[in-house]
Amino acid sequence: MHTSFTPARRAGAAVLAAGITLGGTTAVDSPAGAAPHASVTVSKTRNLNPNGEWITVSGKNFSGKNFGIYVGLAQDNKYGPTKQGSFGETKWLKPNEIRGGKFTTRIKVKAVSGKINCKVNRCSIRTLSAHGVPDRTQDTKTPVTFRAF
């Protein structure tokens, strides 16, 4: 079946593909009748302390299957679900820590950590399936910024 895309549909698809970030909440609309997508709320996304700050990440509509998920700070231009060098701080949430599709965790983020540098590159809080599981339905991206040193 072929579906033609009008300019408005193309623009809408681009917005959905990039995710919608409003007030620290990242979500993607689901087609009618489909299961809701995983989404997160991040307690603070702007003006983070570059030397380190604790933030709270809460998620909903996560499966809790397989090996759980990772929650972490990643440099956007290095990111890949199997690229460990794209992450600074991460936390592994095991399946039993995701109850009823929901979780809440705290993570300390720094502007420069490991192989990432969020002082000069765009960075985001990301979730993804743990241990290389190819399930991309657990992926979310919430952009964050750090204040100047």
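Since every read-out is calculated from the coordinates, none of them should be taken as a lab result. Treat the numbers as computed from the prediction; the structure is a model and nothing was measured. Every residue, glycine as well, gets a Cβ built from its backbone with ideal geometry; the counts of neighbours run over all protein chains shown.
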_Odd one out for Arg46, checked against (1) touching a strand residue (DSSP E or B) at 6+ places or on another chain (Cβ under 7 Å); (2) within 14 Å of Thr145 (Cα to Cα); (3) not in a strand (DSSP E or B)_ = (1)
*Which residues, counting only those in segment 85-135, are in a strand (DSSP E or B), of a type in the set (Gly, Ala, Ser) and more than 13 Å from the chain's Cα centre (by Cα)?*
Gly88, Ser113
*Determine the pairs where a residue that is farther than 16 Å from Asn77 by Cβ and in contact (Cβ under 8 Å) with a residue 40 or more places away in the chain, located within segment 120-142, has a partner that is among the charged types (D, E, K, R) and surrounded by fewer than 21 Cβ atoms within 10 Å (Cβ to Cβ) with Cβ atoms under 6 Å apart, the partner being 6 or more residues away or on another chain.*
Leu128/Asp139; Ser129/Asp135
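Considering each of Gly59, Gly68, Gly52, Gly64 in turn, give the residue that is under 17 Å from Ser124 (Cβ atoms), of a type in the set (Gly, Ala, Ser) and out of contact with any Cys (no Cβ under 7 Å at 6 or more places or on another chain).
Details: Gly68 fails: under 17 Å from Ser124 (Cβ atoms); Gly52 fails: under 17 Å from Ser124 (Cβ atoms); Gly64 fails: under 17 Å from Ser124 (Cβ atoms).
One residue alone meets the criteria, Gly59.
Looking only at segment 48-104, count every residue that is acidic (Asp, Glu), in contact (Cβ under 8 Å) with a residue 40 or more places away in the chain and either over 19 Å from Arg136 (Cβ atoms) or touching a Phe, Trp or Tyr at 6+ places or on another chain (Cβ under 9 Å) (or both) and tell me the total.
As a first pass, look at segment 48-104 and keep what is acidic (Asp, Glu): 53, 76, 89, 97.
Those left that are additionally in contact (Cβ under 8 Å) with a residue 40 or more places away in the chain: 53, 76.
Okay, now just the ones that are also either over 19 Å from Arg136 (Cβ atoms) or touching a Phe, Trp or Tyr at 6+ places or on another chain (Cβ under 9 Å) (or both), so 53.
Qualifying residue count for the region: 1.
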